[in-house]
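As structure tokens, the structure follows; a few thoughts come after it.
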């Protein structure tokens, strides 16, 4: 009997027969009542607390999906479309490489082109606050979108500025304050934030989002092993998603302009510009086309240098541009050098401002040796001559 | 109270497929985020070759029919300028977005719908050795890499959002850093255990199910073996990039542990 209970799942015919006989004996001994069948082990249902953990895990995953991926963006658009509500959504491309698709407004670039001499209004304030004048000018341009009032930038403070100012013991001026007061306060605040965060990029980010969040993000970037934790590229991923969206245009726009202001010309500045930036009738096609850069007449073999520090995005060759290369200077600013005789760098190489990247030539579609030099902000070609000092 | 807990738990179990989808989608996005630079290099190479060969062929064909040098110049230029530098930039970004969404369609969506089959690991291993299809090899690996990156990114996002939330509640601000660190680590463990591991086992189960179904449908050996090429071409590279470049495990862990 004991054996039959221990092994109720015995399969061999002999054992089954033995079990049946033993059951009959048991039944006879108990007055005809059938012997209780071996009880199956109690079936354990799924533990409820695991279901709660599942719900928590799924919530975290779906939250990230919604705020940080284009799939989430598509879902939000779909819901808005289905419910007929008109809500502003981010372009899908902004879920990708942050340095593109957000940044310098065309107004700011136009402002640089139209009134470069008047931009000096920020210089005294910058010097007083211990700031780079180019940084002060670029930030004021970005936050004013190039608009001026009585000779000063008409600065509009981003949402995080008030809290960050308060964190360093300052008060952000009201939007109705005079333009000169808003401009001066901006530079004082930036100086204090830079002293607190030890990096201009972190300081500018702290104008767009609250200071403690930037501090924390920089701290995490440092812990993760970033060589320059104060650089926006290093700590950006440690900002909350909404803060990234706030900070991206301010930081990238400002520092793209800073790099552009400080750039060097890729060939000797006395070389003649044979075809400027802008719309023109194409010499081969005979159609109006945007000339996205400037053509500079230079002899074969002239050194072509990087306009600023950066990383070579690619070195390539095609039928139109000949041997050409593109350098990424960060924050959405890139430079392209075309029609070279040879290229002197390889993909991924870090280059310093003024380093030789190519020897000029006449490769590709050309009518004579020249350098086609192109600058792009946010993927949009801009006239490099407006930044030429 | 107990009934309420059980209801919540029931809901939790029902939404697990959504979690599996989310983990894969987040992981693939991390990979797609670094894909466009690689795509741009590939597009440049392809375009350069097409320019060279295409314009030579066009010029030869036009010369054969007696076209003037001017006309040849204009036509070949048109061909070479058809995909210019800016277009290639835009294409590379679109390609990254396309890869990500296609990756979701060929891996995350099937796993969302797949009902997990309990089959012993030994039997699964034997089936793989007996009938190695592309899907059986690549789907679990892609799922592993995507889940790995996805879990790390999810933990990081929750950590920084928790920190911001604790900072906003001023009385909790003093514990914002360690609190967010603890929450980040808990989320890492929780999502890794409840979703990350299931993503991999679901991918194994799904690929096995597909292989068995193909066998039942008596598809040719070649077709059966090649099943899963889309996962191999679209998802696998993105998933590998996600782990190697976008969410390197060691630095992410260091950031999570930093504030403990």
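Taking Cα atoms, how many degrees apart are the long axis of helix B:2-14 and the longest axis of chain B, rounded to 10 and kept between 0 and 90?
Value to nearest ten degrees: 20.
Nearest 500 deg cm²/dmol is fine: what mean residue ellipticity at 222 nm does chain B get from its DSSP H runs of n ≥ 4 alone, each adding -39,500 (n - 2.57), divided by its residue count?
Theoretical 222 nm ellipticity from helices: -25000 deg cm²/dmol.
Listed highest first by mean packing, meaning other Cβ atoms within 10 Å per residue, what order do A:138-145, B:214-221, A:329-336 come in?
Numbers: A:138-145: 25.8, B:214-221: 11.4, A:329-336: 23.6.
Most protected by this proxy first, the peptides run A:138-145, A:329-336, B:214-221.
Counting pairs of Cα atoms in the range B:31-257, how many percent are more than 28 Å apart?
On the way: 13501 of 25651 pairs.
The answer is 53 percent, as a whole percent.
Largest first, please: the extent of the C-alpha atoms of the protein assembly as shown along each principal axis, to the nearest Å.
119, 78, 46
Packing-wise, with mean Cβ within 10 Å as the measure, how do A:350-359, B:155-164, B:138-147, B:105-114 rank, highest first?
Values: A:350-359: 16.8, B:155-164: 24.1, B:138-147: 25.9, B:105-114: 18.8.
Ranking, from highest mean packing down: B:138-147, B:155-164, B:105-114, A:350-359.
Could you tell me the distance between the Cα centroids of the range A:129-195 and the range B:63-123, to the nearest Å?
Using only Cα atoms to place each centre, the spacing works out to 45 Å.
If you fit an axis through the alpha-carbon atoms of helix B:85-103 and take the longest principal axis of the Cα set of chain B, what angle between them do you get, 0 to 90°, nearest 10?
The helix B:85-103 is inclined about 40 degrees to chain B.
Each label point is 7 Å from the Cα along the Cα-to-Cβ direction; what then is the distance between the points at residue B:201 and residue B:233, in nm?
My value for the distance between the label points is 3.3 nm.
Listed highest first by mean packing, meaning other Cβ atoms within 10 Å per residue, what order do A:368-379, B:167-178, A:177-188 come in? Could the numbers behind the result be given before it?
Details: A:368-379: 21.4, B:167-178: 13.6, A:177-188: 19.2.
Going from most to least packed, we get A:368-379, A:177-188, B:167-178.
Taking springs between alpha-carbon atoms closer than 10 angstrom, which of B:206, B:75, B:193 fluctuates most in the Gaussian network model of chain B?
It is B:75.
Could you check the spin-label model distance between residue B:68 and residue B:94? Points 7 Å from the Cα along Cα→Cβ, value in nm.
3.5
Be a star and scan the range B:136-160 for residues whose amide nitrogen sits under 15 Å from the point 7 Å along the Cα-to-Cβ vector of residue A:89.
None, by backbone N distance to the label point.
Mind checking the mean number of beta-carbon atoms from other chains within 10 Å of the Cβ atoms in A:364-370?
Values: counts 2, 7, 0, 0, 0, 0, 0.
Neighbouring Cβ atoms belonging to other protein chains average 1 per residue here.
Hey, what's the per residue convex hull volume over the C-alpha atoms of the range A:273-387, in cubic angstrom? Let's see the in-between values first.
Values: hull volume 10.6 nm³, N = 115.
Convex hull of Cα atoms, per residue: 93 Å³.
Please give the average number of partner chain Cβ atoms lying within 10 Å of the Cβ of each residue in B:54-61, rounded to a whole number. Write down the numbers at each step before the final one.
Details: counts 1, 4, 1, 0, 0, 0, 0, 0.
Average per residue, whole number: 1.
With every atom except the alpha carbons ignored, what do you get for Rg and Dmax of the range A:48-94, in angstroms?
Looking at the range A:48-94, its Cα Rg and Dmax stand at 13.8, 41 Å.
What are the radius of gyration and Dmax of the range A:99-261, computed over its Cα atoms and given in Å?
Spelled out, the Cα radius of gyration and Dmax of the range A:99-261 are 14.7, 47 Å.
What is chain B's relative contact order, in percent, from Cα pairs under 8 angstrom and six or more apart in sequence? Don't jump to the answer; show the numbers that get you there.
On the way: 300 pairs, mean separation 90.6, N = 260.
Computed value for chain B: 35 percent relative contact order.
In nm, what is the difference between 0.36 nm times the number of residues separating residue B:244 and residue B:172 and their Cα-Cα distance? Don't jump to the answer; show the numbers that get you there.
Details: separation 72, 0.36 × 72 = 25.92 nm, distance 3.62 nm.
Computed gain between residue B:244 and residue B:172 is 22.3 nm.
Which three semi-axes in whole Å describe the equivalent ellipsoid of the range A:259-304, each the square root of 5 times a Cα gyration tensor eigenvalue, listed largest first? Don't skip to the answer; put the middle values down first.
Details: eigenvalues 111, 45, 12 Å².
Taking √(5λ) for each Cα gyration eigenvalue gives 24, 15, 8 Å.
Taking only Cα atoms, what is the 0 to 90° angle, nearest 10, from helix B:35-64's long axis to the longest principal axis of chain B?
For B:35-64 against chain B, the angle is about 20 degrees.
Other chains' Cβ within 10 Å of B:13-23 residues: what's the mean?
Numbers: counts 8, 4, 8, 5, 1, 5, 10, 2, 5, 13, 7.
Averaged over the peptide's residues, the number is 6.
Quick check for you: which residues of the range A:256-294 have the amide N under 17 Å from the point 7 Å beyond the Cα of residue A:303 toward its beta carbon?
Once the point is set 7 Å along Cα→Cβ of residue A:303, A:264-271 turn out to lie under 17 Å by backbone N, inside the range A:256-294.
Only the coordinates and a few stated rules stand behind these numbers; no lab work does. Note that the structure is a prediction, hence the values are computed from the model and not measured. When we count neighbours, we look across all protein chains shown, and the Cβ atoms used for this are built from the backbone with ideal geometry, even at glycine.
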